[in-house]
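Presented below is the structure to which this report refers.
The values are calculated or read from the model by the stated rules, or taken from the named source; none is laboratory data. Predicted model, so just to flag it, every value in this text is computed and none were measured. FYI the Cβ positions are ideal-geometry reconstructions off the backbone, even for glycines, and counts take in every protein chain you see. Side chains are part of the model used for accessible areas, which takes the heavy atoms of the whole protein and leaves out ligands, DNA and RNA. Shrake-Rupley method; radii C 1.70, N 1.55, O 1.52, S 1.80 Å.
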Amino acid sequence: MTKQMFKIFFLKNRIIILIIFILFFIYFFSLPKEILKNPNSTLIEDKNGNLLGAKISDDGQWRFPHNKEINKKFENCILEFEDAYFYYHFGVNPVSLFRAFFQNIKANKIVSGASTIPMQVIRMHRRKERTISEKIIEIIMAIFLELSYSKKEILAIYSSNAPFGGNVVGLDAASWRYFGRSQKQLSWAENALLAVLPNAPSLIHLGKNRNKLLQKRNKLLEKLQKNGIIDSTTLILSKAEKIPEKPFSLPQIAPHLLTEIYKKHKGERIKTTLDINLQKNVNNIVEKYKNIFSHNEIFNIAVLVLDVESGNILSYVGNTKDNKKRHNNDVNIINSPRSTGSILKPFLFAASLEDGLFLENSLIKDIPTNYAGYSPKNFYKNFDGMVPASESLSRSLNVPAVRMLKNYGFERFYDLMKKLKMSTLNYPASHYGLSLILGGAEGKLEEITGIYADFARILNHYTKYNGVYFKDDFKKPNFFYKKNGKNLKKNFFDIKNKEENSIIGAASIYLTFKSLLEVNRPSSESSWKIYNSYRKIAWKTGTSYGFRDAWAVGTTAKFTVGIWVGNADGEGRPNLTGISYASPILFDVFKLLPKSNWFSIPYDDMKEIEICRKSGYKASEICDVKDKTFIQKSGLKTPLCPYHKLLHLDSTEQFRVNSECENINKIVHKSYFILPTVCEWFYKKKNPFYKSLPPFRKDCSGILENKSMEIIYPKKLNNVYIPVDLDGKKSEIVFSIAHKNENIKIFWHLDEKFIGTTQYIHQFGINAKKGNHILTLVDENGETLKKKININY
């Protein structure tokens with residue numbers, strides 16, 4: 001192509017060529033969508049923005065996520081030191097450039113770079129060698145930066161990414177590392193010190209050239225005073241401040257929550273619902289008890305505090321602290337499955353009330369029990385015979401709980417816990433069976449505490465919103481702070497959010513909490529009812545088999561607290577129980593929380609009826625003492641009192657008679673409270689005022705009397721196993737008998753052969769050949785009990 005042809009081509013296409021050149025220029029110098037994209041440290045803050053903890057970034061730098069807010073003191077300091085005309089230039093300061101140009105020529109070396117803050121941002125972004133060509137690129141890109149961002153945004157980018165010595169990057173990280181607090185809390189002297197560090201962070205920092213660093217800081221302070229930014233008094237006081245000796249460790253106030261958040265939000269600044277003051281106080285409580293419990297080689301504690309209304313987590317202590325990490329202290333117990341012990345009993349109690357299986361104080365059997373080889377035992381290995389349902393819960397009796405589960409159905413209870421969002425039931429219901437209620441399953445502290453809070457929320461809202469249930473009353477505990485949460489009233493009166501019925505009704509929950517109010521508190525709280533200053537708390541403990549897990553969960557109308565104590569490796573320790581170890585922590589934590597009123601009674605879900613005072617059932621016509629009380633509406637379908645019988649007595653009221661042996665006009669008709677034989681045998685040991693059934697008068701002895709004897713153990717007589725000793729010899733099986741009259745003699749016969757006599761304690765060891773036998777028991781009144789038994793080895 002000739003020059004003439006090129007000239008013609010250029011003239012004809014000069015606009016296109018100019019556009020291409022401009023596009024190329026823009027492309028080469030344009031900024032990426034995200035400038036200074038570096039790995040950040042992960043931060044968590046409390047609900048007020050206070051730093052709870054930080055985890056270093058992947059590149060080993062303490063570089064906090066971008067913060068668009070800069071305190072005014074630092075802004076004044078950094079602009080006076082680095083770029084006094086920042087708000088007046090367009091990314092480049094021409095005066096400074098020309099001055100630097102002549103200074104460098106005169107010195108025959110680079111003594112001044114004349115870099116503005118936008119130019120420094122570009123330099124940090126490009127990370128290239130400092131050459132003249134690179135300086136030109138920085139100038140051009142700084143102008144583009146000014147066109148793309150506001151002055152405040154550019155200053156924030158610089159402050160978040162400037163080097164401050166060592167592995168500290170950004171103002172926020174420097175504030176915490178050098179002064180142990182937020183940039184908003186720094187003094188003039190501290191801000192001035194940070195402002196001079198990015199100028200030469202590798203040459204001047206806390207570890208070396210401290211005098212030079214102090215001189216630069218003071219020189220900047222003098223400049224601030226000279227320009228009228230600070231007064232002379234502030235200057236004197238600021239120059240008197242010492243520079244820090246060494247970096248501070250970053251806060252680790254909620255380390256296990258930080259680790260939890262880090263899994264899904266690495267490199268982010270997450271604002272949580274925690275309260276830093278409460279968190280610190282709970283940490284102190286945990287540390288105190290850790291030091292006490294360690295004497296029994298118990299090393300791990302977890303605490304969770306929830307706000308009932310929102311479901312927000314206010315305090316999160318996943319484990320104890322140990323710098324040497326000797327006891328699995330990194331394990332987050334709050335999210336770890338642990339054996340539940342008795343902590344699920346209130347849910348079964350509430351579900352049974354809701355199902356109308358019994359009333360709050362209906363008598364429940366507490367006697368030796370065997371279901372297909374499963375024989376639950378109470379903690380203290382004794383029996384009450386009969387016990388009010390509420391008392392069985394408050395005393396955490398195991399046998400009544402298992403009988404309750406048998407009646408309710410362990411498959412139904414399994415499904416209920418699934419609906420309540422218990423995620424740790426990983427096997428079919430048949431795997432757990434009746435042991436489900438006594439720690440046969442595992443649960444997480446977060447989920448179980450959350451269910452207690454859900455129950456409290458349901459009850460609160462039911463009474464507050466005139467008998468309405470809501471779908472979102474069941475919610476997972478939350479630690480993410482939401483500045484603009486849902487409008488509760490609008491949400492609650494949204495038809496889509498309403499429910500006609502709840503999984504568990506308000507009345508059943510209230511009666512359950514009422515029972516839990518009576519749980520015996522630890523010794524330090526034993527007199528709580530005497531003082532008005534003490535608060536009402538519905539609470540429950542749990543202890544797993546082998547003393548491996550100690551639980552305590554309590555709730556008021558406003559707060560729910562969950563505690564776990566034990567060893568993360570599962571090692572059991574003597575006397576590691578919920579009442580001894582977890583409950584003292586529970587009540588100490590509640591003392592940190594504001595008091596709240598007790599739950600309002602949900603009358604709309606209740607009905608007032610007459611109750612038999614002795615049995616706790618709906619009163620029948622022959623119940624001698626009746627009380628009016630409010631029950632759950634579902635309780636209306638429970639039966640009338642089955643334990644009151646109308647007896648026919650002689651005029652002395654000491655013997656039973658009937659029309660065949662007594663004049664009808666002389667017969668006294670009297671209501672008697674009568675329990676089944678085995679139940680009575682245990683019941684009257686703890687209830688001395690219980691009256692046994694009067695005997696028949698001698699002249700009425702031919703009348704069939706209710707049986708007075710019953711075999712307590714073994715229950716399965718068709719398959720009685722006799723154990724074999726280590727030497728191979730047969731041992732014996734001990735039979736236990738209950739008799740209404742403890743003092744009576746019982747004569748024992750096996751296969752019509754007399755084998756012995758018992759009195760007071762009716763237990764007898766039998767060693768017989770394998771096969772079928774007839775056991776006959778005769779008391780001294782002539783009453784006979786005959787049973788067929790099958791012996792196996």
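Looking at region 685-735, which of the residues that are aliphatic (A, V, I, L, M), at pLDDT below 80 and outside any strand (DSSP E or B) is most open to solvent (accessible area, probe 1.4 Å)?
My answer is Leu726.
Pull up region 565-611, narrow it to residues that are polar (S, T, N, Q) and open to solvent by less than 60 Å² (accessible area, probe 1.4 Å), then point me to the one that is nearest to the chain's Cα centre (by Cα).
Ser583
Of the residues that make up region 420-433, is at least one of a type in the set (D, E, K, R), within 29 Å of Glu309 (Cα to Cα) and at pLDDT 95 or above?
Checked against the condition, which is being of a type in the set (D, E, K, R), within 29 Å of Glu309 (Cα to Cα) and at pLDDT 95 or above, region 420-433 yields no hits at all.
Would you mind telling me which numbered condition in (1) open to solvent by 50 Å² or more (accessible area, probe 1.4 Å); (2) in a loop (DSSP other than H, G, I, E, B) Gly165 fails?
(1)
Phe682 fails exactly one of the following numbered conditions: (1) modelled with pLDDT of 85 or more; (2) more than 20 Å from Ser375 (Cβ to Cβ). What is the number of that condition?
(2)
Hey, any hits in region 416-431 for a residue that's open to solvent by 10 Å² or more (accessible area, probe 1.4 Å), without any contact (Cβ under 8 Å) to a residue 60 or more places away in the chain and among the basic types (Lys, Arg)?
Within region 416-431, one or more residues are open to solvent by 10 Å² or more (accessible area, probe 1.4 Å), without any contact (Cβ under 8 Å) to a residue 60 or more places away in the chain and among the basic types (Lys, Arg).
Considering only region 352-390, state which residues are part of a strand (DSSP E or B) and among the small types (Gly, Ala, Ser).
Across region 352-390, the qualifying residue is only Gly385.
Could you please give the count of residues in region 118-142 that are open to solvent by 40 Å² or more (accessible area, probe 1.4 Å) and within 16 Å of Leu36 (Cα to Cα)?
Count: 5.
With respect to Arg412, is the statement that it is surrounded by fewer than 21 Cβ atoms within 10 Å (Cβ to Cβ), in a helix (DSSP H, G or I) and basic (Lys, Arg) true?
So Arg412 fits the description; yes.
State whether one or more residues within region 472-479 are at pLDDT below 90 and more than 26 Å from Gly318 (Cβ to Cβ).
Applying the first criterion (at pLDDT below 90) to region 472-479 yields 472.
With more than 26 Å from Gly318 (Cβ to Cβ) added as a condition, the list becomes 472.
Yes, region 472-479 contains at least one residue that is at pLDDT below 90 and more than 26 Å from Gly318 (Cβ to Cβ).
Suppose the filter is open to solvent by less than 30 Å² (accessible area, probe 1.4 Å), within 27 Å of the chain's Cα centre (by Cα) and either of a type in the set (A, V, I, L, M) or modelled with pLDDT of 95 or more (or both); does Ser352 pass it?
Details: open to solvent by less than 30 Å² (accessible area, probe 1.4 Å): yes; within 27 Å of the chain's Cα centre (by Cα): yes; either of a type in the set (A, V, I, L, M) or modelled with pLDDT of 95 or more (or both): yes.
Yes; evaluated as a whole, the condition is true for this residue.
From the list Ser390, Ser375, exactly one residue is more than 28 Å from Leu274 (Cα to Cα) and modelled with pLDDT under 95. Which is it?
Every option except Ser375 fails the conditions.
Counting just the residues of region 32-68 that are among the basic types (Lys, Arg) and in a loop (DSSP other than H, G, I, E, B), which one comes out modelled with the highest pLDDT? Working first, answer last.
Filtering region 32-68 down to residues among the basic types (Lys, Arg) leaves 33, 37, 47, 55, 63, 68.
Of the ones still in play, those that are also in a loop (DSSP other than H, G, I, E, B) are 33, 37, 47, 68.
Working: Lys33: 63, Lys37: 83, Lys47: 95, Lys68: 90.
Once the filter is applied, the top-ranked residue is Lys47.
Only one residue in Lys618, Lys558, Lys626, Lys614 is touching a residue at least 40 places away in the same chain (Cβ under 8 Å), surrounded by 16 or more Cβ atoms within 10 Å (Cβ to Cβ) and in contact with a Cys (Cβ under 7 Å, 6 or more places away or on another chain). Which one?
Lys618
Working only within region 374-409, note down all residues that are surrounded by fewer than 17 Cβ atoms within 10 Å (Cβ to Cβ) and within 24 Å of Thr677 (Cβ to Cβ).
Those that are surrounded by fewer than 17 Cβ atoms within 10 Å (Cβ to Cβ) and within 24 Å of Thr677 (Cβ to Cβ): Tyr374, Ser375, Lys377, Tyr380, Lys381, Asn382, Lys406, Asn407.
Can you tell me which residue in region 168-204 is nearest to Cys77 (Cα to Cα), limited to those that are open to solvent by 50 Å² or more (accessible area, probe 1.4 Å) and at pLDDT below 90?
Restricting to residues being open to solvent by 50 Å² or more (accessible area, probe 1.4 Å) and at pLDDT below 90, the top hit is Asn199.
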